[in-house]
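The values are calculated or read from the model by the stated rules, or taken from the named source; none is laboratory data. This structure is a prediction, so every number in the text was calculated from the model and none was measured. Methodologically, a virtual Cβ is constructed for each residue, glycine included, from the backbone with ideal geometry; neighbour enumeration extends over all protein chains shown.
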Amino acid sequence: MTTPPASSGDPSRRLDLRSDTVTRPTRAMRDAMANAEVGDDVLDGDPTVLALQARVATMLGADEALFFPTGTMANQAALWLHGVRGTEVLLDSEAHIIHWEVAGAAGIVGLQVRPVRAADGGVMRATDLARDIRPVSKHAPRASLVCIENTHNGAGGKVTPIDDVRAIADVARAHGLPVHMDGARLWNAAAATGTPLSEFGSAVDTAMLSFSKGLGAPVGAMLVGTHAAMRDAWEVRKRMGGGMRQSGILAAAALHALDHHLARLPDDHARATALADQLEAIDGARVVRPDTNIVMVDLPPGVSSAGVVAAAAADGVLVTPWSPTRIRAVTHLDVSAADVERAGGVLIRAIGGR
Ligand SMILES: *Cc1c(COP(=O)(O)O)cnc(C)c1O
């Protein structure tokens, strides 16, 4: 018996579009990990981690970069670095930091989150932030930080273009506030716009980028910023339990991903667009046009996401019930053009009830 190649649209193969985190390390990535030169990164530095940090710092136009086990820990470290206990962090109302980090801003740092609602139903812009920054008052909370999520997961992988990032940073700085970018998928934003990562990186004080999303590494994220910020971040990471020893094994996967997977992100974007195009055929559904690799579909009236997810799963295609009326499908390294065509057919049947 032969195993069909991952690129075939084989209907017996389970196709997982729940997230770009589900990718498994390729054979070549596993080889790179097995062969990594390692040290003790907490003691005096692991050579492969140091190489990865230097490379990403340069890519982002930052002084320095620090390797974290997860994007969540790197985001929480950034909140700790910039945020002041008993003040607010302003960020888009659908931000990952508000909804998917188990209230770490409050639980770990003692920050109140201030959700900023985008006036046009998209992603927070400078005018939205300017509207919601409170006037100084001895009764109202003070703010200590602004965060931007780019690309924005909850909005369907939406890009905040560099001009909008700079405009938001200008508003923040006019109020004396630093800016952190949750750029778990900033790679995708750069690929989709052609704006170099260094332009995004130099527009903000710190940025987090993930290796375990579209880049296809098993673990890891980077925080970038100034030398002073990264010196503090090293201590915060250690305090949070994120000091890692022979972490060159993990950094090697990330280096391999930069060499071999970064340049193929436009394929994921094209496949998300192709899937969105197919799903446009469904009567009464609203497809959020993808900027990058995430497709959100608001289901026709009376159709529940739980029912659609179960029906698609029965046909071997996994998607996420984002809300009771919305599903999310994400393209990634292990999704071919043929897979997308098959997923489109399965979802059309699942949503149409046929
Ligand atoms: C996945 C994600 C994170 C967290 O990354 P983990 O490595 O899963 O902890 C943070 N922000 C956004 C926007 C994400 O999509």
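Answer yes or no: is there a residue in the stretch 160-177 that is within 17 Å of residue 95 (Cα to Cα) and in contact with an Asp or Glu (Cβ under 7 Å, 6 or more places away or on another chain).
No; the residues of the stretch 160-177 include none that is within 17 Å of residue 95 (Cα to Cα) and in contact with an Asp or Glu (Cβ under 7 Å, 6 or more places away or on another chain).
Output the number of residues of the stretch 73-113 satisfying the condition of being more than 18 Å from residue 206 (Cα to Cα), part of a loop (DSSP other than H, G, I, E, B) and away from the ligand (no atom under 12 Å from the Cβ).
Total meeting the criteria: 6.
May I ask you to say which residue of 26, 70 is away from the ligand (no atom under 16 Å from the Cβ), under 17 Å from residue 253 (Cβ atoms), β-branched (Val, Ile, Thr) and surrounded by fewer than 20 Cβ atoms within 10 Å (Cβ to Cβ)? Steps first, answer last, please.
Numbers: 70 fails: away from the ligand (no atom under 16 Å from the Cβ).
Step by step, each of 26, 70 is checked, and only 26 is away from the ligand (no atom under 16 Å from the Cβ), under 17 Å from residue 253 (Cβ atoms), β-branched (Val, Ile, Thr) and surrounded by fewer than 20 Cβ atoms within 10 Å (Cβ to Cβ).
Given the structure, is residue 43 of a type in the set (A, V, I, L, M) and surrounded by 19 or more Cβ atoms within 10 Å (Cβ to Cβ)?
no
Take the residues in the stretch 141-191 that are more than 25 Å from residue 211 (Cα to Cα) and in a loop (DSSP other than H, G, I, E, B); name whichever of them is nearest to the ligand (Cβ to nearest atom).
Filtering the stretch 141-191 for residues that are more than 25 Å from residue 211 (Cα to Cα) and in a loop (DSSP other than H, G, I, E, B), the one nearest to the ligand (Cβ to nearest atom) comes out as 177.
Hey, among the residues in the stretch 290-327 that are part of a loop (DSSP other than H, G, I, E, B) and without any contact (Cβ under 8 Å) to a residue 24 or more places away in the chain, which one's nearest to residue 350 (Cα to Cα)? Talk me through it step by step, then tell me what you get.
To start, the set of residues in the stretch 290-327 that are part of a loop (DSSP other than H, G, I, E, B) comprises 290-293, 299-304, 315-316, 319, 324-325.
Imposing the further condition that a residue be without any contact (Cβ under 8 Å) to a residue 24 or more places away in the chain reduces the set to 301-302, 304, 324.
Details: 301: 14, 302: 13, 304: 11, 324: 15 Å.
Checked the stretch 290-327; the qualifying residue nearest to residue 350 (Cα to Cα) is 304.
Looking at the stretch 99-109, can you tell me whether even one residue there is closer than 26 Å to residue 267 by Cβ and surrounded by fewer than 24 Cβ atoms within 10 Å (Cβ to Cβ)?
Checked the stretch 99-109: no residue is closer than 26 Å to residue 267 by Cβ and surrounded by fewer than 24 Cβ atoms within 10 Å (Cβ to Cβ).
Go through (1) away from the ligand (no atom under 16 Å from the Cβ); (2) at pLDDT 95 or above; (3) in contact with a helix residue (DSSP H, G or I) (Cβ under 8 Å, 6 or more places away or on another chain); (4) part of a loop (DSSP other than H, G, I, E, B) for residue 119 and report which single condition fails.
(2)
So which residues in the stretch 281-319 are charged (D, E, K, R) and over 22 Å from residue 123 (Cβ atoms), if there are any at all? Steps first, please.
First pass over the stretch 281-319, keeping only residues charged (D, E, K, R): 283, 286, 289, 291, 298, 315.
Across the stretch 281-319, the qualifying residues are 283, 315.
Of all residues in the stretch 105-124, which are touching a Leu at 6+ places or on another chain (Cβ under 9 Å) and either of a type in the set (Val, Ile, Thr) or closer than 16 Å to residue 149 by Cα (or both)?
Going through the stretch 105-124, the residues touching a Leu at 6+ places or on another chain (Cβ under 9 Å) turn out to be 105, 108-109, 111, 113-116, 124.
Across the stretch 105-124, the qualifying residues are 105, 108, 109, 113, 114, 115, 116, 124.
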